[in-house]
Amino acid sequence: MRYLLLLLLVILIGCENHSFESDKRQIVAKNEIRSQLRKARSFDVTAFKEDVIDIYPDTTIKHPLRYTLDFSYTDSLGQKQSKRGIVIFTPDGKSVLSSHIEQE
């Protein structure tokens, strides 16, 4: 019985949890976009999407990850702005390749 419990414990600890990596990338994407805003008083993400890019201009990078954030913020003049931010990660999700903000 002890060996069965020990085996089960080893199997559970050995399993990788990729949802944590996704959460970390979401936080990095949010911080990357927020850093591009000048003097934003508030910042709220209203929608979030993660997908894989099949065709990317740089042929040395195969299938990078794209994070799309729809967000709103209040600018320094007090006006509410709605925009979309796009952050491109390497296929392993550990590094940011590029990021930019679009009009929504």
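The values are calculated or read from the model by the stated rules, or taken from the named source; none is laboratory data. This is a predicted model, so every value here is computed, not measured. Glycine gets a Cβ as well: all are built from the backbone with ideal geometry, and neighbour counts include every protein chain shown.
Just to verify a result, which residue in segment 73-104, among those that are under 17 Å from the mean Cα position of the chain (by Cα) and among the small types (Gly, Ala, Ser), is nearest to GLN26 (Cα to Cα)? First the steps, then the outcome.
Going through segment 73-104, the residues under 17 Å from the mean Cα position of the chain (by Cα) turn out to be 83-102.
Cutting the leftovers down to among the small types (Gly, Ala, Ser) gives us 85, 93, 95, 98-99.
Details: GLY85: 12, GLY93: 10, SER95: 12, SER98: 14, SER99: 13 Å.
The extreme case among them is GLY93.
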Within segment 37-98, strands (runs of 3 or more DSSP E) holding 3 or more residues that are among the polar types (S, T, N, Q): 65-74
Selection from segment 62-72 of residues that are more than 12 Å from ALA29 (Cβ to Cβ) and of a type in the set (Lys, Arg): LYS62
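For every residue, the table says whether it meets (1) loosely packed, with under 11 Cβ neighbours inside 10 Å; (2) hydroxyl-bearing (Ser, Thr, Tyr); (3) in contact with a helix residue (DSSP H, G or I) (Cβ under 8 Å, 6 or more places away or on another chain); (4) at pLDDT 90 or above.
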| residue | (1), (2), (3), (4) |
| --- | --- |
| ARG38 | yes, no, no, no |
| SER42 | yes, yes, no, no |
| THR60 | yes, yes, no, no |
| PRO64 | no, no, no, yes |
| PHE89 | no, no, yes, yes |
Residue match in segment 90-104 (condition: without any contact (Cβ under 8 Å) to a residue 24 or more places away in the chain, of a type in the set (A, V, I, L, M) and touching a strand residue (DSSP E or B) at 6+ places or on another chain (Cβ under 6 Å)): no
Segment 48-58 - residue that is over 12 Å from the mean Cα position of the chain (by Cα) and not β-branched (Val, Ile, Thr) and, of those, modelled with the highest pLDDT: ASP54
Residue tally, condition farther than 16 Å from HIS100 by Cα and in contact (Cβ under 8 Å) with a residue 12 or more places away in the chain, over segment 59-73: 3
